[in-house]
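Since the structure comes first, as C-alpha cells, the remarks are kept for the end.
The values are calculated or read from the model by the stated rules, or taken from the named source; none is laboratory data. What you are looking at is a predicted structure, and each value in this text was computed from that prediction instead of being measured. Here the Cβ positions follow ideal geometry from the backbone for every residue, glycine too, while neighbour counts run over all protein chains shown. We work out accessible area using only protein heavy atoms, side chains counted, and drop any ligands, DNA or RNA first. Shrake-Rupley method; radii C 1.70, N 1.55, O 1.52, S 1.80 Å.
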Amino acid sequence: MAPLNENVDVVVIGGGVVGCALFRRFTLMGARTLLLEKGGDILSGASKANSAILHTGFDAPTGSLELQCMQAGYREYLAVHQQMNLPLLKTGAMVVAWDQAQLEALPGIVQQAHDNGVSDVALISTQELYQREPNLAAGALGGVVIPGEYVIDPWSAPLAYVTQAVMHGGAWQFNCEVREVQAEENGWLLTTSKGRVRTRLVINCAGNHGDLIDGMWRTPEYEIRPRKGQFLVYDKACATQINAIILPVPTPTTKGVLLCRTIFGNVILGPTAEEQQDRNRADVDETVMRELIEKGRRMLPTLTNYPVTATYAGLRPATEKKEYRIYDYPENNWISVGGIRSTGLTAALGIAAHVETLYRNRFTQRFPLHPPAELRWPQMPMLSDYQPRDYTCPGNGGIVCHCELVTRRELEAAFDSAVPPECIGGLRRRTRVMMGRCNGFFCSNHVADIIGDRLDNTLVVGKVK
Amino acid sequence: MNARYPVIIIGAGPAGLAAARALFDAGVKNVLLLEREAEAGGVPRHCRHPTFGIQTFYRPMNGDRWAARIRQRIEHHYEIRTNTTVVSLNPGGVLEISSDRGLETLYAERIIIATGVRETPRHARLVSGLRPQGVLTAGALQQFIYLRKLKPGNCPVIVGSELVSFSAIWTLRNAGIRAVALIDENLRPTAFKLSTLYARLMGVEVHLGAHITRINGTERVESIAFRDAAGQERVMACDSLIFTGRFTGEYTLIRTSHLLHEADSGRPIFDQYGCCSDPAYYAVGNMTHPADMGDQCYQEGLRIGRFVAESLRAEASTSFQVPVILHEVFKIAAPNVVRCDTGSQASLTLNVRVNRYHHGEIRVMDRQKILYRKRHRCLPERRILLRGIDISALTADSQLTITI
C-alpha cells in the first residue's frame, strides 16, 4: 500500500462539521494537521442534512456541556462570519402552542431560556403572534419568541473552517477510510484506504461511526444509535408565507417538526425522529412525508399550494444518553468527540474551543504550538438568496442552473478552490447546482459537460457511440 | 444597447418564436427575444421524433429540424439573446435579466411570457428511498443523448405512460440503450392503449398499476422496489430511473411577481387574448396549458402575437372580465378569465384538462344558460378543446362554469 507520506501532530477522523471545526482549531493553534474523510467531500455523513439553524441554546439542558458549546459556537460564528463572507439571516424563532397543555408549558420554556442566559426570550400574546405570522393556521393559543435564532448556510460554514485550516498548512484526504489504528510509543499509526499515516494525537469526529473508530483500540464509552430525520424542502415562492422559525412545543422525546426558511430562499419542514440500526442508510418514505405535509399544513394552511422541491433524510449520531460524549485519553494520545446530535452545526466552533481546553489542560508537551503570526481568512462563495450572488455580476459565464441561479463561473470556481470536491454531492452542496425545483431537468447535461472527467462517479456512464 | 423595446418575448421556443413571427408580419419593429438556453427553439430541439410540422409546414418533421425552421423565420429579423435568464418581472413591463454581463434592466410596452413547461421530477412526487445518481427526467435524458451524446445509464427504468414516456424509449433506443421496464401507477396507459404494445415490441417490460416503494443505491441507482398491480412486492435491478411527464408550467417568474395567479398552481390569470392582470404582460404556449404539441403552441403563438400587435395600435376599450369556474373533474382551463368588450370575438375556445377519465357531456354555462354542450372522451394530461362557445351575450355579472 502506498504510504500517505504524512507524519503529523494531529489526525482528525471525519470531515463533518465538528471535524472541520477541530481541524481548523488545531491548525490555527500551530499543529501540523491532517483531516481524513471517508466520503468524497466534507459533510458526507450526518452533517449534510440538518435544519441549518444557528441556535441560541434557549432550550438546551441548563448547565450542560452541550449548552456551553452551543453558546460558545454561536458567539464565535457571529464574530467570524463576516470575515469569511458567510451569510446570516436573522429570522428569530417562535414556539407556538396549539392546545391548552402546550400553552401551560410556555412559561417553563421562557424560564429555561432565562436560566440559560438567553434573556430576550419572552411570551407573546395570540394577537402579536398573528401580527408576526399572519399566515399561520387559526387556533394558536400563545407563543414564545426567541429573537436571537438565525438561519445560516450549513455547508459553506464548515467548508470555510476547512479552507482556513488549509490556508494555514492543514492537509486533507477525501475518499479515505480509516481501517486500523495501532498505538505507538508517541502516538498512532493509522492504516487507511489510501495508505498509512503516523500522528501524535488522534481526534475522533467520526459521527455515526464514532464508536466503531474508538472500538478499534478500546471498549467505546458510547454506542451510536442513529436517529433518522426526514425533511421536505418547499419551493422558494413559499418563503413569503412565514417570517420566523416556527417551532412546536417540545415533548420529552423530540423537539418536533419545525417550519423554517432556509438561507437559500426555500422553506423546510421537518425533521421526523426515527430510531434505526443502519448507520449509512437514510431513506425518505412516502407515507412519512405525506404525514409530515399534513403536520405542516395544520400549522401553515397555504403550505400545500407550493410544490416540494427536494426531500432528504439525515442520520443524527445519537447515543444511548442525551448528552454530548466527549472523552479525552491523555495516556493514549486520543480524544473522542461523539454523540453530537442536532445541535452540531451551532456548537461546532464551541466544541473545538472546548477540545482545545482539554488539550491544553492535559495534553501539553505532545507537540510544539507555534500559531501563525497572522491569521488569513477565506472568502467563501455567497450562496444566500438574501445577498447579492454571482449571477448579478459581470463575467459570470451565464447561468447554468436556472432554478438556483448558479453560474458557470461558480461551478468552475468550486473545482479551482483550495479544497475541491471529489463527488457530485459535494459539488451540489458547494454551488447549489441541481438542488432546485426541476431536479436537473435543464442543467444536468451542462453540469455533466463541465464536470468532464474531473470526478469518478458522475452523472453519466459513458458516451453515445 | 437599447434597453427599451415595443415587445420583449421571454422564451424562444415554439410559442415565443411564433409570437415574434406574428409581430414581424404585423410590422412591429425591434422586438427582442430572451432565451436562457444556448440556442433558440425550445424543447423540440431535443425531440428527435417526427411529430412536428404538420400544422406549420404541412409535413412531418423531427423536432430538431422543425425547431431550426421556426428559428430561421425569426433570427434574421429580430435579435434573440441566448444564455440570458429573466430573474424578475416588474409592474408596467420592466424586466431584470442576468447573463454573462451581469444584471440589466429592460423595458417594454408589452412582454410576452412563453416560458414553457418542465416535468415533475422525483422529489416533487415524494418517491421513497435513497438519493443516488441516475435519477432524471425524460427532458434531461433527451438533452444528455441528443445535445451531449452522453449516456445517463445503461439499463434504465421509465416511470410514467404518457406520450413522452414512449418517446423516452425511442430516445434510448437511438443511443443503443434498451429500457428494462416501463412502470406506471395507472392501470391504463395515459398515452393510448396501443402504446404499451409498442413498448413490448421494443423489448421493454410494462408494469401498469405499479407503485414504486423504494429507490436503492448509494452512489448510483442499483435497483427499485415496487408493488405490482396484484399487490406483490418486487425488486428490479436498474442503473437509472427516468421520471416522465406530469408536465407543469414554468411559473417561477410569475409566482414571485406582481401578476395575479392561481394560488395552488402558480398559473397566471389570463384571458383569451393571453393578457394577464397587468396589461403589459401576456402569457402564451405550454406554460398556460401543459403540455400541448409543438405545432399547437406555434399556432397559438401566432394568434397571441397578432393580439399583442393590435394592442400596441389600439387604445384599450372599456371591457369587463368573466371568471371561468371549474367542476372538480377539471384541472385547468386556458384561458381562466374571459374578456368581453366591444369588437371582441363572439366565439371562444377553451382548452381544458381533466383530473380523471371522463366520457360524457361537457357543458359551459353562464349561470343557468347553456352556452356549449357536447360529448367528449377525456383522458388526463390530454388537450380537450371546447370550441365555438358563444360569449356575445355575456354581461359584467356573468360567470362561466365548466361542468359535466
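At a glance:
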read-out	value
Under the Karplus curve 6.51 cos²θ - 1.76 cosθ + 1.60, θ = phi - 60°, whole-Hz ³J(HN,Hα) for region A:366-378, x wherever Gly or Pro sits	5, 8, x, 10, 10, x, x, 4, 9, 7, 10, 10, x
Principal axis box of chain B, alpha-carbon based, largest edge first, Å	64, 56, 40
Net charge of neighbours whose Cβ lies under 14 Å from the Cβ of B:ARG375, counting Lys and Arg as +1 and Asp and Glu as -1	+4
Probe 1.4 Å - accessible area at B:ARG363, Å² to nearest ten	60 Å²
Solvent-accessible area lost in complex, 30 Å² minimum, residues of region A:398-428 relative to chain alone, 1.4 Å	A:ILE399, A:HIS402
Cβ-based net charge around B:TYR78, under 13 Å, with every Lys or Arg adding one and every Asp or Glu removing one	+1
Distant alpha-carbon pairs in region B:283-340 (separation over 16 angstrom), percent	58 percent
Inter-site label distance for A:ARG360 and B:LYS29 at 7 Å from Cα along Cβ, in nm	7.6 nm
Spin-label model distance (nm) - A:LYS463 vs B:ARG313, 7 Å beyond Cα toward Cβ	5.4 nm
Karplus-derived 3J(HN,Hα), 6.51/-1.76/1.60, for each residue of region A:243-250, Hz, glycine and proline x	10, 8, 6, 9, 10, x, 6, x
In region A:305-378, the GluC sites (Glu not before Pro) that fall in loop regions by DSSP, at most 15 other Cβ within 10 Å	A:GLU320, A:GLU323, A:GLU374
222 nm mean residue ellipticity, helices alone, for chain A (DSSP H n ≥ 4; -39,500 (n - 2.57); rounded to 500)	-8500 deg cm²/dmol
Förster radius 41 Å - calculated FRET efficiency between B:ASP397 and A:THR304 (Cβ-Cβ, nearest 0.05)	0.80
Whole-number accessible area per residue in Å² for region A:390-457, which is evaluated in the context of all protein chains at 1.4 Å	32 Å²
Accessible area buried at the B-A interface, both sides summed, 1.4 Å probe (Å², nearest 100)	4600 Å²
Full-extension gain in nm, B:ASN186 to B:ALA38, via 0.36 nm per residue minus C-alpha separation	49.6 nm
Distance in nm between pseudo-label sites at A:GLN82 and B:HIS76 (7 Å out along the Cβ direction from Cα)	6.0 nm
Beta bridge orientation in the protein assembly as shown: antiparallel %, DSSP, nearest 5	65 percent
Gained length - A:ASP449 relative to A:ALA418, 0.36 nm times residue gap less alpha-carbon distance	9.0 nm
Any cysteine of chain A lacking a neighbouring Cys Cβ under 4.7 Å - listed by number	A:CYS20, A:CYS69, A:CYS176, A:CYS205, A:CYS238, A:CYS260, A:CYS393, A:CYS403, A:CYS423, A:CYS438
Cα centroid separation - region B:64-122 against region B:202-226, whole Å	37 Å
Hits among lysines - C-alpha to C-alpha of A:LYS321 under 29 Å, sequence gap 8 or more where chains match	A:LYS38, A:LYS48, A:LYS228, A:LYS255, A:LYS295
Cβ neighbours within 10 Å from other chains - mean over A:121-133	0
Long-range Cα-Cα pairs in chain A (distance over 29 Å), rounded percent	48 percent
1.4 Å probe, heavy atoms, protein only - residues of region B:80-101 losing at least 30 Å² accessible area vs chain alone	B:THR85, B:VAL87, B:SER98, B:ASP100
Förster radius 45 Å - calculated FRET efficiency between B:TYR58 and B:ARG101 (Cβ-Cβ, nearest 0.05)	0.65
Listed residues B:PHE192, B:PHE307 arranged by accessible area, highest first, probe 1.4 Å	B:PHE192, B:PHE307
Compactness of region B:57-210 - radius of gyration and Dmax, Cα, Å	19.8, 55
Proportion of all alpha-carbon pairs of region B:317-404 beyond 20 Å (%)	28 percent
Rounded to 5, the percent of DSSP beta bridges in chain A classed as antiparallel	70 percent
Under-5 Å amide H pairs with B:THR213, H placed in peptide plane, nonlocal only	B:ALA225, B:PHE226, B:ARG227
Per residue, in Å², the accessible surface of region B:123-243 once ligands and nucleic acids are set aside, probe 1.4 Å	38 Å²
Within the accessible area of region B:291-404 (1.4 Å probe), percent carbon and sulfur	47 percent
Angstrom value of the Kirkwood radius, inverse mean 1/r, which spans all Cα pairs in region B:123-243	14.2 Å
Amide hydrogen neighbours beyond the local backbone of B:ALA12, cut-off 5 Å, H modeled	B:ARG36, B:GLY41
20 Å Cα-Cα reach of B:LYS193 towards aspartates and glutamates, excluding residues that sit fewer than 8 places from it in its own chain	B:GLU162, B:ASP184, B:GLU185, B:GLU205, B:ASP228, B:ASP292, B:GLU381
Partner chain coverage, peptide B:149-157 - average Cβ within 10 angstrom	4
Axial C-alpha extent at least 15 Å, average Kyte-Doolittle at least -1.0 - helices from chain A (DSSP)	A:17-29, A:65-80, A:100-115, A:156-167, A:286-299, A:344-362
Rounded percent of accessible protein surface that carbon and sulfur make up, chain A, 1.4 Å probe	49 percent
B:GLU222-A:ARG290 FRET efficiency (beta carbon distance; Förster radius 25 Å; 0.05 resolution)	0.50
Sequence-distant lysines (8 or more away, or on other chains) whose Cα lies within less than 20 Å of B:LYS374	B:LYS331
